[in-house]
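The values are calculated or read from the model by the stated rules, or taken from the named source; none is laboratory data. Quick caveat: nothing in here was measured; it's all calculated off a predicted structure. Note: ideal-geometry Cβ built from the backbone for every residue, glycine included; neighbour counts use all protein chains shown. All accessible areas refer to the heavy atoms of the entire protein, side chains included, with ligands and DNA or RNA removed. Shrake-Rupley method; radii C 1.70, N 1.55, O 1.52, S 1.80 Å.
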Amino acid sequence: KVINDNMAKAKQLMEQGGDWERKNRLRSYEALHKMAIRDFVGAAALFLEAVPTFGSYELMTYEQLVFYTVVTTLFALERPDLKKKVIRCNEVQEQLTGGGKAGDLVLVREYLHAYYECHYDQFFQALARLEEQRFVFDRYLSPHVHFYSRAMRLRAYLQFLTPYKTVRIDMMARDFGVSRAFIDRELHALIAASSIHCKIDAIRGVIEMNHPDSKNHLYKNLIKDGDILLNRIQKLARVINA
(Lines give C-alpha, C1' and ligand atoms only; values in the text may rest on other atoms or scores of the structure.)
Protein backbone atom coordinates (compact mmCIF):
# COMPACT_ATOMS: atom_id res chain seq x y z
CA LYS A 1 0.00 0.00 0.00
CA VAL A 2 2.84 2.39 0.84
CA ILE A 3 4.51 1.72 -2.52
CA ASN A 4 1.25 2.10 -4.46
CA ASP A 5 0.46 5.39 -2.72
CA ASN A 6 3.90 6.83 -3.36
CA MET A 7 3.96 5.57 -6.96
CA ALA A 8 0.67 7.38 -7.59
CA LYS A 9 2.06 10.50 -5.94
CA ALA A 10 5.21 10.35 -8.08
CA LYS A 11 3.11 10.04 -11.25
CA GLN A 12 1.06 13.10 -10.25
CA LEU A 13 4.25 15.09 -9.72
CA MET A 14 5.52 13.99 -13.13
CA GLU A 15 2.33 15.21 -14.78
CA GLN A 16 2.84 18.58 -13.14
CA GLY A 17 6.26 18.94 -14.75
CA GLY A 18 8.83 16.18 -14.26
CA ASP A 19 11.92 16.15 -16.44
CA TRP A 20 12.86 13.42 -18.92
CA GLU A 21 15.47 11.78 -16.68
CA ARG A 22 13.12 11.43 -13.71
CA LYS A 23 10.38 9.97 -15.91
CA ASN A 24 12.80 7.33 -17.12
CA ARG A 25 13.87 6.52 -13.57
CA LEU A 26 10.25 6.25 -12.41
CA ARG A 27 9.62 3.77 -15.23
CA SER A 28 12.27 1.44 -13.78
CA TYR A 29 10.76 1.71 -10.29
CA GLU A 30 7.31 0.94 -11.62
CA ALA A 31 8.59 -2.03 -13.65
CA LEU A 32 10.29 -3.55 -10.60
CA HIS A 33 7.15 -3.05 -8.52
CA LYS A 34 4.96 -4.74 -11.13
CA MET A 35 7.31 -7.71 -11.27
CA ALA A 36 7.25 -7.94 -7.46
CA ILE A 37 3.43 -8.17 -7.47
CA ARG A 38 3.44 -10.81 -10.27
CA ASP A 39 2.34 -8.51 -13.08
CA PHE A 40 4.99 -9.86 -15.46
CA VAL A 41 3.22 -8.57 -18.58
CA GLY A 42 3.16 -4.98 -17.30
CA ALA A 43 6.72 -5.28 -16.02
CA ALA A 44 7.99 -6.58 -19.37
CA ALA A 45 6.59 -3.58 -21.26
CA LEU A 46 8.20 -1.12 -18.82
CA PHE A 47 11.55 -2.93 -18.71
CA LEU A 48 11.74 -2.85 -22.50
CA GLU A 49 11.11 0.91 -22.43
CA ALA A 50 13.76 1.35 -19.77
CA VAL A 51 16.53 -0.58 -21.57
CA PRO A 52 17.61 2.20 -24.01
CA THR A 53 17.38 5.03 -21.45
CA PHE A 54 18.19 3.35 -18.12
CA GLY A 55 19.54 5.59 -15.38
CA SER A 56 18.28 4.15 -12.08
CA TYR A 57 21.62 2.76 -10.90
CA GLU A 58 20.62 3.34 -7.27
CA LEU A 59 17.94 0.69 -7.82
CA MET A 60 19.78 -2.00 -9.80
CA THR A 61 22.65 -2.45 -12.24
CA TYR A 62 22.19 -2.44 -16.00
CA GLU A 63 23.07 -6.14 -15.98
CA GLN A 64 20.22 -6.81 -13.54
CA LEU A 65 17.89 -4.80 -15.77
CA VAL A 66 18.72 -7.02 -18.74
CA PHE A 67 18.20 -10.12 -16.59
CA TYR A 68 14.74 -8.95 -15.50
CA THR A 69 13.90 -7.90 -19.05
CA VAL A 70 14.65 -11.34 -20.48
CA VAL A 71 12.83 -13.16 -17.66
CA THR A 72 9.64 -11.09 -17.96
CA THR A 73 9.53 -10.82 -21.76
CA LEU A 74 9.81 -14.59 -22.17
CA PHE A 75 6.71 -14.81 -19.99
CA ALA A 76 4.82 -11.97 -21.68
CA LEU A 77 5.68 -11.86 -25.40
CA GLU A 78 4.75 -14.04 -28.34
CA ARG A 79 7.55 -15.23 -30.66
CA PRO A 80 7.33 -12.40 -33.25
CA ASP A 81 7.48 -9.71 -30.55
CA LEU A 82 10.20 -11.58 -28.68
CA LYS A 83 12.35 -11.63 -31.80
CA LYS A 84 11.70 -7.97 -32.61
CA LYS A 85 12.02 -6.50 -29.12
CA VAL A 86 14.57 -8.78 -27.41
CA ILE A 87 16.45 -11.01 -29.85
CA ARG A 88 17.12 -8.05 -32.15
CA CYS A 89 17.56 -5.45 -29.40
CA ASN A 90 21.16 -4.25 -29.61
CA GLU A 91 21.35 -3.14 -25.97
CA VAL A 92 20.08 -6.48 -24.66
CA GLN A 93 22.21 -8.58 -27.01
CA GLU A 94 25.34 -6.60 -26.19
CA GLN A 95 24.98 -7.54 -22.53
CA LEU A 96 24.02 -11.16 -23.25
CA THR A 97 26.86 -11.69 -25.72
CA GLY A 98 29.38 -10.43 -23.17
CA GLY A 99 27.84 -12.71 -20.55
CA GLY A 100 27.96 -10.07 -17.81
CA LYS A 101 30.88 -9.04 -15.63
CA ALA A 102 31.04 -12.31 -13.73
CA GLY A 103 29.36 -14.46 -16.36
CA ASP A 104 25.98 -14.05 -14.66
CA LEU A 105 24.16 -13.53 -17.97
CA VAL A 106 25.51 -16.63 -19.72
CA LEU A 107 22.75 -18.83 -18.31
CA VAL A 108 20.13 -16.17 -19.14
CA ARG A 109 21.37 -16.08 -22.74
CA GLU A 110 21.11 -19.88 -22.98
CA TYR A 111 17.63 -19.75 -21.48
CA LEU A 112 16.41 -17.18 -24.03
CA HIS A 113 17.89 -18.83 -27.11
CA ALA A 114 16.89 -22.36 -26.07
CA TYR A 115 13.25 -21.25 -25.83
CA TYR A 116 13.26 -19.24 -29.05
CA GLU A 117 15.14 -21.87 -31.07
CA CYS A 118 12.89 -24.67 -29.70
CA HIS A 119 15.65 -26.66 -27.98
CA TYR A 120 13.26 -27.73 -25.24
CA ASP A 121 15.60 -30.08 -23.39
CA GLN A 122 18.14 -27.24 -23.05
CA PHE A 123 15.33 -24.85 -22.11
CA PHE A 124 14.17 -27.11 -19.25
CA GLN A 125 17.73 -27.46 -17.97
CA ALA A 126 18.32 -23.68 -18.13
CA LEU A 127 15.02 -22.98 -16.36
CA ALA A 128 15.86 -25.44 -13.57
CA ARG A 129 19.35 -23.94 -13.11
CA LEU A 130 17.93 -20.39 -13.05
CA GLU A 131 15.49 -21.45 -10.33
CA GLU A 132 18.30 -22.90 -8.21
CA GLN A 133 20.95 -20.23 -8.84
CA ARG A 134 19.02 -16.97 -9.35
CA PHE A 135 15.27 -16.97 -8.76
CA VAL A 136 15.19 -18.36 -5.21
CA PHE A 137 17.79 -15.78 -4.11
CA ASP A 138 16.14 -12.80 -5.81
CA ARG A 139 14.08 -10.65 -3.44
CA TYR A 140 11.53 -9.82 -6.14
CA LEU A 141 11.26 -13.16 -7.94
CA SER A 142 11.61 -15.63 -5.07
CA PRO A 143 7.90 -15.46 -4.01
CA HIS A 144 6.86 -16.31 -7.58
CA VAL A 145 9.31 -19.10 -8.49
CA HIS A 146 6.72 -21.89 -8.71
CA PHE A 147 4.18 -19.72 -10.54
CA TYR A 148 6.76 -18.53 -13.07
CA SER A 149 8.26 -21.98 -13.63
CA ARG A 150 4.85 -23.56 -14.21
CA ALA A 151 3.85 -20.76 -16.60
CA MET A 152 7.06 -21.09 -18.63
CA ARG A 153 6.71 -24.87 -18.87
CA LEU A 154 3.17 -24.32 -20.14
CA ARG A 155 4.43 -21.85 -22.77
CA ALA A 156 6.99 -24.38 -23.94
CA TYR A 157 4.38 -27.16 -24.14
CA LEU A 158 2.03 -24.93 -26.12
CA GLN A 159 4.80 -23.82 -28.46
CA PHE A 160 5.70 -27.46 -29.08
CA LEU A 161 2.15 -28.84 -29.46
CA THR A 162 0.29 -26.06 -31.30
CA PRO A 163 1.54 -26.84 -34.84
CA TYR A 164 0.44 -30.49 -34.59
CA LYS A 165 -2.84 -32.37 -34.45
CA THR A 166 -1.33 -35.45 -32.78
CA VAL A 167 2.02 -35.99 -31.08
CA ARG A 168 3.53 -39.18 -29.68
CA ILE A 169 4.12 -38.91 -25.93
CA ASP A 170 7.50 -40.65 -26.09
CA MET A 171 8.66 -38.23 -28.82
CA MET A 172 7.60 -35.21 -26.74
CA ALA A 173 9.34 -36.64 -23.66
CA ARG A 174 12.54 -37.16 -25.65
CA ASP A 175 12.48 -33.60 -27.03
CA PHE A 176 12.02 -32.16 -23.55
CA GLY A 177 14.65 -34.41 -22.01
CA VAL A 178 12.28 -35.83 -19.38
CA SER A 179 10.52 -39.12 -18.76
CA ARG A 180 7.21 -40.10 -20.32
CA ALA A 181 5.69 -40.27 -16.83
CA PHE A 182 6.72 -36.65 -16.20
CA ILE A 183 5.04 -35.41 -19.41
CA ASP A 184 1.95 -37.46 -18.63
CA ARG A 185 1.72 -36.01 -15.12
CA GLU A 186 2.32 -32.43 -16.27
CA LEU A 187 -0.25 -32.57 -19.07
CA HIS A 188 -2.88 -34.17 -16.83
CA ALA A 189 -2.58 -31.26 -14.39
CA LEU A 190 -2.68 -28.63 -17.17
CA ILE A 191 -5.66 -30.26 -18.89
CA ALA A 192 -7.55 -30.40 -15.58
CA ALA A 193 -6.87 -26.69 -15.07
CA SER A 194 -8.05 -25.93 -18.65
CA SER A 195 -4.63 -24.40 -19.35
CA ILE A 196 -4.10 -26.58 -22.42
CA HIS A 197 -6.66 -28.02 -24.82
CA CYS A 198 -5.75 -31.59 -25.64
CA LYS A 199 -6.46 -35.16 -24.60
CA ILE A 200 -4.15 -38.08 -23.92
CA ASP A 201 -4.79 -41.38 -25.66
CA ALA A 202 -2.87 -43.73 -23.39
CA ILE A 203 -3.60 -46.80 -25.51
CA ARG A 204 -2.11 -45.34 -28.69
CA GLY A 205 0.45 -43.34 -26.72
CA VAL A 206 -0.40 -40.04 -28.39
CA ILE A 207 -1.54 -36.55 -27.44
CA GLU A 208 -4.45 -35.25 -29.53
CA MET A 209 -4.71 -31.48 -29.77
CA ASN A 210 -8.10 -29.83 -29.55
CA HIS A 211 -7.46 -26.36 -30.92
CA PRO A 212 -10.23 -24.03 -29.69
CA ASP A 213 -12.29 -22.21 -32.31
CA SER A 214 -11.67 -18.58 -31.42
CA LYS A 215 -14.40 -17.25 -33.72
CA ASN A 216 -17.00 -19.52 -32.14
CA HIS A 217 -15.82 -18.48 -28.67
CA LEU A 218 -16.11 -14.79 -29.58
CA TYR A 219 -19.58 -15.35 -31.04
CA LYS A 220 -20.79 -17.03 -27.84
CA ASN A 221 -19.38 -14.20 -25.72
CA LEU A 222 -21.08 -11.63 -27.96
CA ILE A 223 -24.46 -13.37 -27.59
CA LYS A 224 -23.99 -13.65 -23.82
CA ASP A 225 -22.99 -10.00 -23.39
CA GLY A 226 -25.84 -8.93 -25.70
CA ASP A 227 -28.41 -10.77 -23.56
CA ILE A 228 -27.06 -9.13 -20.40
CA LEU A 229 -27.22 -5.69 -22.03
CA LEU A 230 -30.80 -6.23 -23.27
CA ASN A 231 -31.92 -7.32 -19.78
CA ARG A 232 -30.40 -4.20 -18.24
CA ILE A 233 -32.04 -1.95 -20.85
CA GLN A 234 -35.42 -3.59 -20.19
CA LYS A 235 -35.02 -3.10 -16.43
CA LEU A 236 -34.04 0.53 -16.97
CA ALA A 237 -37.04 1.06 -19.27
CA ARG A 238 -39.39 -0.34 -16.62
CA VAL A 239 -37.94 1.99 -13.99
CA ILE A 240 -38.29 5.03 -16.28
CA ASN A 241 -41.88 4.13 -17.27
CA ALA A 242 -42.83 3.63 -13.63
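Just checking, does the stretch 63-71 include any residue being over 19 Å from the mean Cα position of the chain (by Cα), under 25 Å from residue 152 (Cβ atoms) and modelled with pLDDT of 90 or more?
Yes, the conditions are met somewhere in the stretch 63-71.
Which one of 141, 190 is closer than 30 Å to residue 28 by Cα and either among the hydrophobic types (A, V, I, L, M, F, W, C) or surrounded by fewer than 17 Cβ atoms within 10 Å (Cβ to Cβ) (or both)?
Only one candidate qualifies: 141.
Okay, residues lined up against (1) among the hydrophobic types (A, V, I, L, M, F, W, C); (2) in a helix (DSSP H, G or I); (3) touching a helix residue (DSSP H, G or I) at 6+ places or on another chain (Cβ under 6 Å); (4) open to solvent by less than 30 Å² (accessible area, probe 1.4 Å):
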{"site": "29", "(1), (2), (3), (4)": "no, yes, no, no"}
{"site": "42", "(1), (2), (3), (4)": "no, yes, yes, yes"}
{"site": "47", "(1), (2), (3), (4)": "yes, yes, yes, yes"}
{"site": "58", "(1), (2), (3), (4)": "no, no, no, no"}
{"site": "93", "(1), (2), (3), (4)": "no, yes, no, no"}
{"site": "100", "(1), (2), (3), (4)": "no, no, yes, yes"}
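Among the residues of the stretch 68-94, which ones are within 26 Å of residue 147 (Cβ to Cβ) and of a type in the set (S, T, N, Q)?
Residues satisfying the conditions are 69, 72, 73.
Mind listing whichever residues of the stretch 1-27 are basic (Lys, Arg), open to solvent by 70 Å² or more (accessible area, probe 1.4 Å) and in a helix (DSSP H, G or I)?
Once the filter is applied, which keeps residues that are basic (Lys, Arg), open to solvent by 70 Å² or more (accessible area, probe 1.4 Å) and in a helix (DSSP H, G or I), the stretch 1-27 yields 9, 11, 22, 23, 25.
Residues checked against (1) without any contact (Cβ under 8 Å) to a residue 40 or more places away in the chain; (2) touching a Lys or Arg at 6+ places or on another chain (Cβ under 8 Å); (3) of a type in the set (Val, Ile, Thr):
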| residue | (1), (2), (3) |
| --- | --- |
| 20 | yes, no, no |
| 35 | no, no, no |
| 39 | yes, no, no |
| 45 | yes, no, no |
| 55 | yes, yes, no |
| 62 | yes, no, no |
| 66 | no, no, yes |
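With the requirement that a residue be open to solvent by less than 40 Å² (accessible area, probe 1.4 Å) and either farther than 22 Å from residue 78 by Cβ or without any contact (Cβ under 8 Å) to a residue 24 or more places away in the chain (or both), what does the stretch 144-177 give you?
Across the stretch 144-177, the qualifying residues are 145, 149, 169, 173.
Quick one: is residue 82 out of contact with any Asp or Glu (no Cβ under 7 Å at 6 or more places or on another chain) and touching a residue at least 60 places away in the same chain (Cβ under 8 Å)?
No; evaluated as a whole, the condition is false for this residue.
Would you mind finding the one in 74, 127, 107 that is over 24 Å from residue 24 (Cα atoms), touching a residue at least 12 places away in the same chain (Cβ under 8 Å), within 15 Å of the chain's Cα centre (by Cα) and outside any loop (DSSP other than H, G, I, E, B)?
127
Give the stretch 119-138 a look and list any residue that's open to solvent by less than 60 Å² (accessible area, probe 1.4 Å) and touching a helix residue (DSSP H, G or I) at 6+ places or on another chain (Cβ under 7 Å), or say none.
120, 121, 123, 124, 126, 127, 130, 131, 135
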